[in-house]
Ligand SMILES: [Zn+2]
């Protein structure tokens, strides 16, 4: 191509490219942190919806299974409730499996694979084991 004094060369000069890249970098620097905030916020809302769903599903499963609450809570009753909780958690996507060594006499269980923010759920049975309280280490509780 021959150089002509009146014709501008096609494309951008190096300075124009640098200016465009700087503008893009500034826009990205302003946008990405707030975008991360939106994602974390959305995951927190999602987590709390999951918590509420788990709590409701446990109560539903308890009623559906026709479990009788004894006057004095027995180990068998508590184990049945724990098994039911694991069944509910598996339905909600947890891979946790109930076995004899999983049983906790204090009625407090943890699950670390159901929160979208990678938090750990601490699930505590009510005193009669008919309902549960659930709190996420990252997102708190839906209550
Ligand atoms: Zn969470």
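Please treat every number below as a calculation from the coordinates, not as lab data. Note that the structure is a prediction, hence the values are computed from the model and not measured. With ideal geometry, Cβ positions are generated from the backbone for all residues, glycine too; neighbour counts draw on all protein chains shown.
Worth pointing out:
- Shape box of the chain [Cα atoms, principal axes, largest first, Å]: 99, 28, 25
- Structural descriptor for the stretch 64-128: relative contact order 23 percent, calculated from alpha carbon pairs under 8 angstrom and at least 6 residues apart.
- Percentage relative contact order, the stretch 19-143, counting C-alpha pairs under 8 Å, at least six apart: 26 percent
- Using a simple spin-label model with pseudo-atoms 7 Å out from Cα toward Cβ, residue 87 and residue 100 lie 2.1 nm apart.
- Spacing of the modelled spin labels on residue 110 and residue 36, each 7 Å from Cα toward Cβ, amounts to 2.6 nm.
- Inter-label distance, residue 130 to residue 24: 6.3 nm, where each label sits 7 Å from its Cα along the C-beta direction.
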